[in-house]
1. Pairs needed: first member in region 30-49, farther than 21 Å from Glu19 by Cα; second member anywhere, part of a strand (DSSP E or B) and open to solvent by 30 Å² or more (accessible area, probe 1.4 Å); C-beta distance under 6 Å; at least 6 residues apart or different chains.
2. Residue under question is Asn40, and the condition is that it be among the polar types (S, T, N, Q), at pLDDT 95 or above, open to solvent by less than 30 Å² (accessible area, probe 1.4 Å) and under 19 Å from Glu2 (Cβ atoms); does it hold?
3. Please find, within region 61-108, the residue that is most open to solvent (accessible area, probe 1.4 Å) out of those that are charged (D, E, K, R) and at pLDDT 90 or above.
4. Can you confirm whether region 43-51 contains a residue that is out of contact with any Phe, Trp or Tyr (no Cβ under 7 Å at 6 or more places or on another chain), closer than 25 Å to Glu123 by Cα and among the aliphatic types (A, V, I, L, M)?
5. Of all residues in region 50-60, which are surrounded by fewer than 22 Cβ atoms within 10 Å (Cβ to Cβ) and in a strand (DSSP E or B)?
6. Is it the case, given these coordinates, that Ile24 is under 13 Å from the mean Cα position of the chain (by Cα), modelled with pLDDT under 95 and assigned to a strand (DSSP E or B)?
7. Please find, within region 10-20, the residue that is farthest from Gln73 (Cα to Cα) out of those that are without any contact (Cβ under 8 Å) to a residue 60 or more places away in the chain and open to solvent by less than 30 Å² (accessible area, probe 1.4 Å).
Amino acid sequence: MENLKLSIVTPYGKIFDDEIQNVILPGSEGEFGVYAQHCNLLSSLKAGIIEFIRNDNSVELVAINWGYVQVSQNKVDVIADGAVSISGNTQDQVAMAIDNAKKLLEEASNDRIAISSVVSRIESNARSKI
């Protein structure tokens, strides 16, 4: 299987920069997935979760408040205004990442139902890793 190069950048620096299998992005018109050999695409992103599968088959989550993505055949570049990686090796690290993601998403949107859905997804995926 071919891989994609994923880069997630904020004004404060890189959040992620590595090869992955695939990625699901929170497009402004709805979520969409990208695999290698995807057609070129430029899209705005809304508050939500970027979910991707690393080459070791682990699932990673990054919460963003809004941004843009440029997709080419083997590369995905995300520019986000704010982002929080939902990762950690301990329950305390994961809990702190979840709290930071909640704050980021609440500041980005007034849609409480959407925020609750995203937060629930973050919590279930992040806690299953520990």
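The values are calculated or read from the model by the stated rules, or taken from the named source; none is laboratory data. Fair warning: this is a prediction, and the values are worked out from it, not measured in the lab. Neighbour counts run over all protein chains shown; Cβ positions are idealised from the backbone, glycine included. Areas reflect the complete protein model, heavy atoms only, side chains present, ligands, DNA and RNA absent. Shrake-Rupley method; radii C 1.70, N 1.55, O 1.52, S 1.80 Å.
1. Taking only residues 6 or more apart or on different chains, the pairs are Ser44/Tyr68.
2. When the stated conditions are applied, Asn40 does not pass them.
3. Here the answer is Lys75.
4. yes
5. Glu51, Ile53, Arg54, Val59, Glu60
6. Criteria not met by Ile24.
7. If we take residues in region 10-20 being without any contact (Cβ under 8 Å) to a residue 60 or more places away in the chain and open to solvent by less than 30 Å² (accessible area, probe 1.4 Å), then Gly13 is farthest from Gln73 (Cα to Cα).
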